[in-house]
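The values are calculated or read from the model by the stated rules, or taken from the named source; none is laboratory data. This is a predicted model, so every value here is computed, not measured. For neighbour counting, all protein chains shown are included, and Cβ atoms are generated from backbone atoms with ideal geometry for every residue, glycine included. These accessible areas exclude ligands, DNA and RNA; they are computed on the full protein's heavy atoms, side chains included. Shrake-Rupley method; radii C 1.70, N 1.55, O 1.52, S 1.80 Å.
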Amino acid sequence: MKGSDQQGKPNLAATSWALLGMLSYEYELSGYDIRKWIDWSMRFFYGSPAYSQIYSELKKLEQLGFVTSRVDNSGGARSRRLYKITESGLDAVTRWANEAPLDPPVLKHSPLLRVTLGHLTSPARLREILQEHLAYADEMHRSAAKDAKWAKADASWAYARVALNWAERYYANERELTLKMIKELDEAEAEFPRVGDGERTKVPFPAPEYWYEIEKKAAADDA
């Protein structure tokens, strides 16, 4: 089968498994429906793919025979394409949910990367970046709390509510961690070696040989 590995198991992108999982419920869904569901729940911990990616993955799933689609003209002037999972698609996503090894979470934390490379900017700019991230964490926390509350409206959303409860706690912690980083900037500014009066110069960073020396000492701690 095209798109499968040597064991005959489908080699799908993570987004495809998420789409199949959403289609495993009773109703046909449009790409718009799927995007709305992602924005309501999965965006807190899995990102929110663009419509173009959703439709691209749905096309692949249809080519693999995991979903079918039809054009619905009953909604007035605008038609829409509705997608429905097939038996083979349901079998595949059920096997994935029960048997596939877990991928470790991938954290891409842009504000934290800016802090790590803080020598390229100023403490004042770093505070602005972290304050912006703090506002983002606040908004995500409020949104997750609201969605978790309304997930109680239907018993079929019980598992989704567990994930939304986690998201609410996650962004509450993210807020506290960001506040702590803001406080720690003063300490970092006082400790960091001075490299000139506003001039762009190379930072006196330890040589690689010193890194390896410290790495050996850290390994000795583990032993």
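Being more than 18 Å from the chain's Cα centre (by Cα) and either over 27 Å from residue 38 (Cβ atoms) or surrounded by 11 or more Cβ atoms within 10 Å (Cβ to Cβ) (or both) holds for only one residue in 111, 204, and it is 204. Across the range 66-75, the qualifying residues are those that are loosely packed, with under 14 Cβ neighbours inside 10 Å and of a type outside the set (Lys, Arg), and the one among them that is modelled with the lowest pLDDT is 75.
Looking at the range 76-85, which of its residues are exposed (fewer than 15 other Cβ atoms within 10 Å of the Cβ) and either in a loop (DSSP other than H, G, I, E, B) or of a type in the set (A, V, I, L, M, F, W, C) (or both)? Once the filter is applied, which keeps residues that are exposed (fewer than 15 other Cβ atoms within 10 Å of the Cβ) and either in a loop (DSSP other than H, G, I, E, B) or of a type in the set (A, V, I, L, M, F, W, C) (or both), the range 76-85 yields 76, 77, 78, 79.
Residue 47 fulfils the conditions (1) farther than 22 Å from residue 105 by Cβ; (2) at pLDDT below 90; (3) open to solvent by less than 50 Å² (accessible area, probe 1.4 Å) except for a single criterion, (1). Remark: pairs (first residue in the range 167-190, closer than 30 Å to residue 38 by Cβ; second residue open to solvent by 80 Å² or more (accessible area, probe 1.4 Å); Cβ separation under 7 Å; 6+ apart in sequence or on different chains) = 167/45. Being outside any helix (DSSP H, G or I), under 23 Å from the mean Cα position of the chain (by Cα) and surrounded by 12 or more Cβ atoms within 10 Å (Cβ to Cβ): is that true of residue 41 here? Considered against the rule, which asks whether it is outside any helix (DSSP H, G or I), under 23 Å from the mean Cα position of the chain (by Cα) and surrounded by 12 or more Cβ atoms within 10 Å (Cβ to Cβ), residue 41 comes out as no. Here is a list of conditions, (1) exposed (fewer than 15 other Cβ atoms within 10 Å of the Cβ); (2) modelled with pLDDT under 95, and residue 118 meets all of them except one; can you say which number that is? Failing condition for residue 118: (1). Counting only residues that are closer than 25 Å to residue 171 by Cβ and not small (Gly, Ala, Ser), the range 92-120 holds 15 of them. If you go through the range 51-75 and pick out every residue that is in a loop (DSSP other than H, G, I, E, B) and either out of contact with any Ser or Thr (no Cβ under 9 Å at 6 or more places or on another chain) or among the β-branched types (Val, Ile, Thr) (or both), you end up with 2. For residue 88, the criteria (1) exposed (fewer than 15 other Cβ atoms within 10 Å of the Cβ); (2) touching a helix residue (DSSP H, G or I) at 6+ places or on another chain (Cβ under 9 Å); (3) over 30 Å from residue 204 (Cα atoms); (4) among the small types (Gly, Ala, Ser) hold in every case but one, which is (2).
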